[in-house]
Amino acid sequence: MDTELLKIVGQIAGIGGIAFGVLLLLFRDVIRKAIFPKLTKEQGYKIIVLFLILVWSVALFGIIAWLISIKSNDKDKEINRSIKRTQEVSENLKQEENGKESFQEYLNDKIKDSELRIALVVGNNDYKKSPLKNPANDAMDISTKLTDKGFKIIKKINPSTNELINSIKDFNKFLCLGGVGLFYYSGHGVQLKGQNYIIPVDADIETMDDVIHKSINLNRLLAPVDKIIEDSPKRSGDVIIYSTGSGNVAFDGPGRNSIFTKHFSYAIDKNEFELFDILRYLCREVSKETNGKQIPWLSASLDTEFYCPNC
């Protein structure tokens, strides 16, 4: 049955059944005398009760049908939103006119050459509690740098939790195509029980349970990467560079950018720097500027060299 028809039938049966049942209760004596004049009072009431049960059963099924139609419509709307988001991301990622007939052709060619480069860049500074000064600048400046390096950018400044989750889903879809994926995050984060969490700007964090349920676990972002590595261990890998080590604080910085972003932005401009050269540079320079209070940290499962030259 069509969901719109199901909704209409459900509304009529539900609301009409409840209303009819209430009328039976209010005017039971009048109805008994008018329809069942020859029956005793007790017999008349028993028949009315049976009618009441039947009417309210219909009403109950009507309400259930109504709720099912609403849920179905919500699901359809979410599917349409997802399709629209994917189309918008694809449209945003289209390179300028280059002779390709379609964006899919561009993706296919890039995948064949292992040249597809997608970056999700997020800057969160507009927190109600403990706002930050530099993350939005960090995200904008890193987006510019990565664009110059041939990356197609999904940029989000102060996204809500749902917006951030949707962006991660879109990013994951492109990660599964292959190539190089880069996620850059500037904002509040926390490590809890060995797990790393990103704090959205609209998350109200008061307890450890809030961190688990209202933040975004970094594992959600890395899940497709882990699957790719599992499927193709000789051709894949991942590297996570944290702006500071476990249990330490990353400083926002006195200038336009955070201390980590300032030095990272400089390092990726060095075409001769391999990925691990960038890490060594960051460890040295960030530690020097913070007098050893902030030292970047690396987690890697990559056994090949990776450079980020101009494209």
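The values are calculated or read from the model by the stated rules, or taken from the named source; none is laboratory data. What you see is a predicted model, and the numbers here were worked out from it, not measured in a lab. With ideal geometry, Cβ positions are generated from the backbone for all residues, glycine too; neighbour counts draw on all protein chains shown.
Out of the residues in region 273-296 meeting the condition of being assigned to a loop (DSSP other than H, G, I, E, B) and touching a residue at least 24 places away in the same chain (Cβ under 8 Å), tell me which one is farthest from LYS145 (Cα to Cα).
For region 273-296, the residue satisfying everything is LYS293.
Any idea which of ASN134, ASN162 is of a type outside the set (Phe, Trp, Tyr) and in contact with a Lys or Arg (Cβ under 9 Å, 6 or more places away or on another chain)?
Testing whether each residue is of a type outside the set (Phe, Trp, Tyr) and in contact with a Lys or Arg (Cβ under 9 Å, 6 or more places away or on another chain) leaves just ASN134.
Go through region 140-190 and report how many residues are in a helix (DSSP H, G or I) and over 16 Å from the mean Cα position of the chain (by Cα).
9
Take the residues in region 36-65 that are in a helix (DSSP H, G or I) and among the basic types (Lys, Arg); name whichever of them is farthest from ILE15 (Cα to Cα).
Checked region 36-65; the qualifying residue farthest from ILE15 (Cα to Cα) is LYS41.
Of a type in the set (Gly, Ala, Ser), in the same structural domain as LYS288 (by TED's automatic domain parsing), over 30 Å from ARG284 (Cβ atoms) and modelled with pLDDT under 90, is that true of ALA203?
Criteria not met by ALA203.
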